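Q: Questions regarding the structure given below will be posed in turn.
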Amino acid sequence: MTSKIQIGVADDQLLFLKSLREMLDRLPAFQVTVEALNGEELLRKLGLLSELPDIILIDVKMPHYGCMEAVTRISQRYPAIKLVALSMEDADAMVIGMIKAGCCSYLLKEIHPTNCRALCSRSIPGVIIMPTPSTGTPAGC
């Protein structure tokens, strides 16, 4: 077992997916072990891995097993994986829905990369990371 934090990334926007993976892979503490363009692909790939990721960053709006369904299935099949919702929206209903579905955190895509790395390093359940409009720094962190 490696000492790096194993990360999964799922987003239907290929540019964002690859950019996030590249950012995380450049950091010595992280290793992206799985990526997917939708929930169905993510579930299929998880079933093929010999070592599951510690954390999965998952977009809230994806086709094929939308995020809510994918999160519910992943949290039931693989309860040790910490799921972090990724979104451009901060609507209360969306945040609450994702936490209820099994996400431990909700991350706005406009967050500064440093804060994204900090969240993945800490993996604190229940932390909702939402940047303040003026600074881009997470409120309450």
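Q: Keeping to the stretch 9-23, report how many residues are touching a helix residue (DSSP H, G or I) at 6+ places or on another chain (Cβ under 7 Å) and either closer than 20 Å to Ile74 by Cβ or surrounded by fewer than 13 Cβ atoms within 10 Å (Cβ to Cβ) (or both).
A: Of the residues in that region, 3 qualify.
Q: Also, I was wondering about something else. Please enumerate the residues belonging to the stretch 41-65 that are in contact with a Leu (Cβ under 9 Å, 6 or more places away or on another chain), touching a residue at least 40 places away in the same chain (Cβ under 8 Å) and within 18 Å of Leu17 (Cα to Cα). Break it down stepwise before answering.
A: Initially, the stretch 41-65 is screened for residues in contact with a Leu (Cβ under 9 Å, 6 or more places away or on another chain), giving 46, 52-53, 55-60, 62-65.
Keeping just the survivors that are touching a residue at least 40 places away in the same chain (Cβ under 8 Å) gives 52-53, 55-59, 62-63.
Once the filter is applied, which keeps residues that are in contact with a Leu (Cβ under 9 Å, 6 or more places away or on another chain), touching a residue at least 40 places away in the same chain (Cβ under 8 Å) and within 18 Å of Leu17 (Cα to Cα), the stretch 41-65 yields Pro53, Ile55, Ile56, Leu57, Ile58, Asp59, Met62, Pro63.
Q: Condition test on Phe16, is it in contact (Cβ under 8 Å) with a residue 60 or more places away in the chain, within 14 Å of the chain's Cα centre (by Cα) and under 21 Å from Cys104 (Cα atoms)?
A: Working: in contact (Cβ under 8 Å) with a residue 60 or more places away in the chain: yes; within 14 Å of the chain's Cα centre (by Cα): yes; under 21 Å from Cys104 (Cα atoms): no.
Taking the combined requirement at face value, the residue does not satisfy it.
Q: Please count how many residues of the stretch 55-74 are farther than 16 Å from Val9 by Cβ and within 13 Å of the chain's Cα centre (by Cα).
A: 1
Q: If only one of Leu43, Leu48, Leu52 is of a type in the set (A, V, I, L, M), surrounded by 14 or more Cβ atoms within 10 Å (Cβ to Cβ), over 22 Å from Arg117 (Cα atoms) and over 12 Å from the mean Cα position of the chain (by Cα), which one is it?
A: That would be Leu43, the only listed residue that is of a type in the set (A, V, I, L, M), surrounded by 14 or more Cβ atoms within 10 Å (Cβ to Cβ), over 22 Å from Arg117 (Cα atoms) and over 12 Å from the mean Cα position of the chain (by Cα).
Q: Same structure, new question: Restricting to the stretch 21-33, name every residue that is touching a residue at least 60 places away in the same chain (Cβ under 8 Å) and either out of contact with any Ser or Thr (no Cβ under 7 Å at 6 or more places or on another chain) or among the acidic types (Asp, Glu) (or both). Working first, answer last.
A: Filtering the stretch 21-33 down to residues touching a residue at least 60 places away in the same chain (Cβ under 8 Å) leaves 23-24, 27, 29-30.
Those that are touching a residue at least 60 places away in the same chain (Cβ under 8 Å) and either out of contact with any Ser or Thr (no Cβ under 7 Å at 6 or more places or on another chain) or among the acidic types (Asp, Glu) (or both): Met23, Leu24, Leu27, Phe30.
Where a number appears in this text, it was derived from the coordinates with a stated rule and is not lab data. What you are looking at is a predicted structure, and each value in this text was computed from that prediction instead of being measured. Virtual Cβ from ideal backbone geometry, glycine too; neighbours counted across all protein chains shown.
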